[in-house]
Amino acid sequence: MPRAFTPKVITANALLEGDVIYFTTTDTWTRDMACAELLTDEAHAQLRLIEAQQQVDYVVGAYLADAVAGDNGPEPTHFREEFRRTGPSNYFHGKQAETQPQDGQTV
(Lines give C-alpha, C1' and ligand atoms only; values in the text may rest on other atoms or scores of the structure.)
Protein backbone atom coordinates (compact mmCIF):
# COMPACT_ATOMS: atom_id res chain seq x y z
CA MET A 1 0.00 0.00 0.00
CA PRO A 2 1.44 3.42 -0.93
CA ARG A 3 2.36 5.90 1.77
CA ALA A 4 -0.04 8.75 2.43
CA PHE A 5 0.97 12.04 0.82
CA THR A 6 2.59 14.50 3.22
CA PRO A 7 2.62 18.28 2.64
CA LYS A 8 5.41 19.62 0.45
CA VAL A 9 7.02 22.80 -0.82
CA ILE A 10 8.83 23.17 -4.12
CA THR A 11 12.45 24.13 -3.69
CA ALA A 12 15.33 24.64 -6.11
CA ASN A 13 18.50 26.65 -6.52
CA ALA A 14 18.65 29.98 -8.32
CA LEU A 15 20.53 29.36 -11.55
CA LEU A 16 22.87 32.35 -11.38
CA GLU A 17 23.41 32.84 -7.63
CA GLY A 18 22.97 29.27 -6.40
CA ASP A 19 20.75 30.42 -3.53
CA VAL A 20 18.06 28.12 -2.16
CA ILE A 21 14.66 29.32 -3.37
CA TYR A 22 11.02 28.29 -2.93
CA PHE A 23 8.04 28.40 -5.32
CA THR A 24 5.11 30.65 -4.32
CA THR A 25 1.40 30.63 -5.12
CA THR A 26 2.00 33.43 -7.66
CA ASP A 27 4.46 31.32 -9.73
CA THR A 28 7.43 33.35 -8.50
CA TRP A 29 10.42 32.33 -6.39
CA THR A 30 11.35 33.52 -2.90
CA ARG A 31 14.35 32.96 -0.65
CA ASP A 32 12.02 32.86 2.38
CA MET A 33 10.52 29.42 2.99
CA ALA A 34 7.73 30.98 5.06
CA CYS A 35 6.43 32.56 1.83
CA ALA A 36 6.44 29.28 -0.12
CA GLU A 37 3.27 27.54 -1.27
CA LEU A 38 2.43 24.58 0.98
CA LEU A 39 1.08 21.79 -1.21
CA THR A 40 -1.28 19.33 0.46
CA ASP A 41 -2.67 17.48 -2.58
CA GLU A 42 -0.40 15.05 -4.43
CA ALA A 43 -1.81 15.64 -7.93
CA HIS A 44 -1.69 19.42 -7.49
CA ALA A 45 1.87 19.17 -6.15
CA GLN A 46 2.99 17.25 -9.24
CA LEU A 47 1.40 19.85 -11.56
CA ARG A 48 3.01 22.72 -9.66
CA LEU A 49 6.38 20.94 -9.82
CA ILE A 50 6.08 20.68 -13.61
CA GLU A 51 5.30 24.42 -13.78
CA ALA A 52 8.32 25.20 -11.58
CA GLN A 53 10.66 22.97 -13.59
CA GLN A 54 9.74 24.82 -16.77
CA GLN A 55 11.47 27.97 -15.49
CA VAL A 56 14.85 26.73 -16.72
CA ASP A 57 16.15 30.25 -17.26
CA TYR A 58 15.94 30.96 -13.53
CA VAL A 59 16.12 27.69 -11.53
CA VAL A 60 17.95 24.39 -11.44
CA GLY A 61 17.09 21.18 -9.61
CA ALA A 62 13.48 21.87 -8.56
CA TYR A 63 11.96 19.16 -6.38
CA LEU A 64 9.26 18.54 -3.77
CA ALA A 65 10.47 18.74 -0.17
CA ASP A 66 8.53 17.61 2.89
CA ALA A 67 7.19 20.46 5.01
CA VAL A 68 4.64 21.22 7.69
CA ALA A 69 2.45 24.24 8.31
CA GLY A 70 4.08 26.44 10.93
CA ASP A 71 2.95 29.60 12.69
CA ASN A 72 4.62 31.77 10.05
CA GLY A 73 4.28 29.53 7.00
CA PRO A 74 5.82 26.25 5.86
CA GLU A 75 8.68 24.77 7.87
CA PRO A 76 11.03 21.90 6.95
CA THR A 77 10.57 18.46 8.49
CA HIS A 78 14.00 17.07 7.62
CA PHE A 79 17.40 18.32 8.77
CA ARG A 80 18.62 18.43 5.14
CA GLU A 81 16.03 21.06 4.25
CA GLU A 82 16.73 23.01 7.43
CA PHE A 83 20.43 22.98 6.54
CA ARG A 84 19.68 24.15 2.98
CA ARG A 85 17.48 26.93 4.36
CA THR A 86 19.93 28.26 6.95
CA GLY A 87 23.31 27.35 5.48
CA PRO A 88 26.37 25.91 7.27
CA SER A 89 26.18 25.85 11.05
CA ASN A 90 29.84 25.37 11.98
CA TYR A 91 31.18 28.61 10.52
CA PHE A 92 30.14 31.20 7.99
CA HIS A 93 30.74 31.04 4.26
CA GLY A 94 29.83 33.35 1.39
CA LYS A 95 26.66 35.32 1.99
CA GLN A 96 26.40 34.17 5.61
CA ALA A 97 29.79 35.75 6.31
CA GLU A 98 28.64 39.09 4.87
CA THR A 99 25.88 39.38 7.47
CA GLN A 100 28.08 38.66 10.51
CA PRO A 101 29.94 41.32 12.49
CA GLN A 102 33.71 41.35 12.11
CA ASP A 103 36.07 42.05 15.07
CA GLY A 104 34.40 44.91 16.91
CA GLN A 105 31.79 45.71 14.26
CA THR A 106 28.09 45.71 14.91
CA VAL A 107 25.40 44.98 12.40
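The values are calculated or read from the model by the stated rules, or taken from the named source; none is laboratory data. If you're wondering where the values come from, they're calculated on a predicted model, not measured in any experiment. Because the Cβ atoms are built from the backbone with ideal geometry, glycine has one as well, and the counts that use them run over all protein chains shown.
Descriptive notes on the structure:
- Filtered by the rule that a residue be surrounded by 13 or more Cβ atoms within 10 Å (Cβ to Cβ), hydrophobic (A, V, I, L, M, F, W, C) and farther than 12 Å from L64 by Cα, the stretch 1-20 gives A14, L15, V20.
- Hits in the stretch 17-39 - residues which are under 18 Å from G61 (Cα atoms), in a loop (DSSP other than H, G, I, E, B) and touching an Asp or Glu at 6+ places or on another chain (Cβ under 8 Å): T24, D27, R31
- Filter result for the condition that a residue is touching a Pro at 6+ places or on another chain (Cβ under 9 Å) and either closer than 15 Å to R85 by Cβ or not hydroxyl-bearing (S, T, Y) (or both), over L47, L38, L16: L38
- When the stretch 69-93 is limited to residues that are small (G, A, S) and surrounded by 14 or more Cβ atoms within 10 Å (Cβ to Cβ), the one that is modelled with the lowest pLDDT turns out to be G87.
- Any chance Q96 is at pLDDT below 95 and either surrounded by 11 or more Cβ atoms within 10 Å (Cβ to Cβ) or outside any strand (DSSP E or B) (or both): yes
Yes/no matrix, rows are residues, columns are (1) of a type in the set (S, T, N, Q); (2) in contact (Cβ under 8 Å) with a residue 12 or more places away in the chain:
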position	(1), (2)
P7	no, yes
L15	no, yes
G18	no, no
T30	yes, no
A36	no, yes
H44	no, no
G61	no, yes
D66	no, yes
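- Criterion: acidic (D, E), loosely packed, with under 12 Cβ neighbours inside 10 Å and out of contact with any helix residue (DSSP H, G or I) (no Cβ under 6 Å at 6 or more places or on another chain) - qualifying residue of D66, D57, D41: D57
- When A52, A12, A45 are checked against the criterion of being assigned to a strand (DSSP E or B) and modelled with pLDDT of 95 or more, A12 stands alone in meeting it.
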